[in-house]
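The values are calculated or read from the model by the stated rules, or taken from the named source; none is laboratory data. Remember, it's a predicted structure, so these values are computed and weren't measured experimentally. Cβ placement follows ideal geometry from the backbone for every residue including glycine, while neighbour counts extend to all protein chains displayed.
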Amino acid sequence: MLRISNGELGLIPYLMAGHPDRDRSTGAARSLAGLPVAALELGIPFSDPLADGPVIQRAGHAALEAGTTVATCLELAAEVSPRVPVVFMSYVNPILSYGPERFAADSAAAGVAGVILPDLPPEEAGSVASALESKGLATVFMAAPTSSPERIRLICDASRGFVYCVTVTGITGVRSELPEGIAELLGRVRAATRLPVAAGFGISRPEHLRALRGAADAAAVGSAVVNEVAEGRDPAGLVQELLAACR
């Protein structure tokens with residue numbers, strides 16, 4: 001489901017759907033869909049985003065204030081999915097409120113490839129994962145620096161499409177340096193799965209991406225991209241700069 005070329009690090013830019021409003025969110029997504037990224041990650045805004053840092057929290061709040069709903073997120077996905085693989089990042093509550101079966105069916109109809117579930121552990125995924133997989137959507141779970149070898153195996157076995165490897169303990173956000181030990185963590189995750197492994201959280205600079213080449217298959221960049229949108233800039237400029245560091 002990820003568009004990754006041999007020898008290159010795939011880039012997964014993140015946008016908060018509906019931020020700062022519907023029109024500008026759609027414009028940003030269209031702009032990024034035209035670039036050779038591995039996938040476009042669309043966040044579904046939620047009122048209690050425990051894993052998100054301040055930039056993405058503010059974006060989610062703005063999206064909700066602008067009237068963004070799961071339905072409008074699906075419309076945005078349908079707009080760009082013919083041009084780029086689309087992966088939702090969603091906390092479980094919006095999915096449960098919408099209805100897992102309905103969410104899965106409507107996501108599939110919108111061309112969504114998969115869903116990253118940051119607050120849903122595999123052993124509790126149950127009906128949500130079953131509903132998604134029944135419609136051909138990949139369920140992507142997160143491995144963390146604190147994950148034991150046994151837990152990494154569980155996460156890898158439950159994931160479809162790719163495995164999301166959190167590079168830091170804590171929330172998302174722009175950081176100056178990648179943490180020590182990230183290559184070792186990525187190595188442990190890659191040894192436990194044949195799926196591509198994507199690194200995320202705290203990745204924002206070209207030097208971060210250069211450091212991840214060969215250690216991860218892809219890297220997600222969120223806060224830095226969202227900040228471009230918040231500042232009124234087309235995020236394609238930053239993403240093109242980051243893409244150059246992936247090659």
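What about Ser31, is it in contact with an Asp or Glu (Cβ under 6 Å, 6 or more places away or on another chain) and more than 15 Å from Ser90 (Cβ to Cβ)?
yes
Can you tell me which residues in region 146-167 are under 18 Å from the mean Cα position of the chain (by Cα), in a loop (DSSP other than H, G, I, E, B) and more than 14 Å from Val86 (Cα to Cα)?
Ser159, Arg160, Thr167
On the given criteria, is Ala59 of a type in the set (A, V, I, L, M, F, W, C), within 27 Å of Leu35 (Cα to Cα) and more than 16 Å from the chain's Cα centre (by Cα)?
no
Which one of Leu50, Leu32 is in contact (Cβ under 8 Å) with a residue 60 or more places away in the chain, of a type in the set (A, V, I, L, M) and surrounded by fewer than 19 Cβ atoms within 10 Å (Cβ to Cβ)?
Answer to the check: Leu50.
Residues to consider are Glu79, Glu101, Glu65, Glu75; find the one that is free of Cβ contacts under 8 Å to residues at least 24 places away in the same chain and surrounded by fewer than 18 Cβ atoms within 10 Å (Cβ to Cβ).
Glu65
Among what's in region 104-141 and is β-branched (Val, Ile, Thr) and touching a residue at least 40 places away in the same chain (Cβ under 8 Å), pick the residue that is nearest to Leu15 (Cα to Cα).
Among them, the one singled out is Ile116.
I'd like the residue in region 193-221 that is modelled with pLDDT of 95 or more and in contact with a Pro (Cβ under 8 Å, 6 or more places away or on another chain) and, out of all such residues, is farthest from Ala33 (Cα to Cα).
Looking at the filtered set, the residue picked out is Asp217.
Strands (runs of 3 or more DSSP E) wholly in region 1-112 with at least 1 residues that are modelled with pLDDT of 95 or more, β-branched (Val, Ile, Thr) and in contact with a strand residue (DSSP E or B) (Cβ under 8 Å, 6 or more places away or on another chain) - which ones?
Per the criteria, 10-16, 86-89.
For Asp234, state whether it is outside any helix (DSSP H, G or I), surrounded by fewer than 18 Cβ atoms within 10 Å (Cβ to Cβ) and modelled with pLDDT of 95 or more.
yes
For Thr139, indicate whether it is crowded, with 17+ Cβ neighbours inside 10 Å and over 25 Å from Pro54 (Cβ atoms).
Taking the combined requirement at face value, the residue satisfies it.
Here are some residues: Asn93, Asn6. Which one is touching a residue at least 24 places away in the same chain (Cβ under 8 Å), more than 19 Å from Ser204 (Cα to Cα) and of a type in the set (S, T, N, Q)?
The unique qualifying residue is Asn93.
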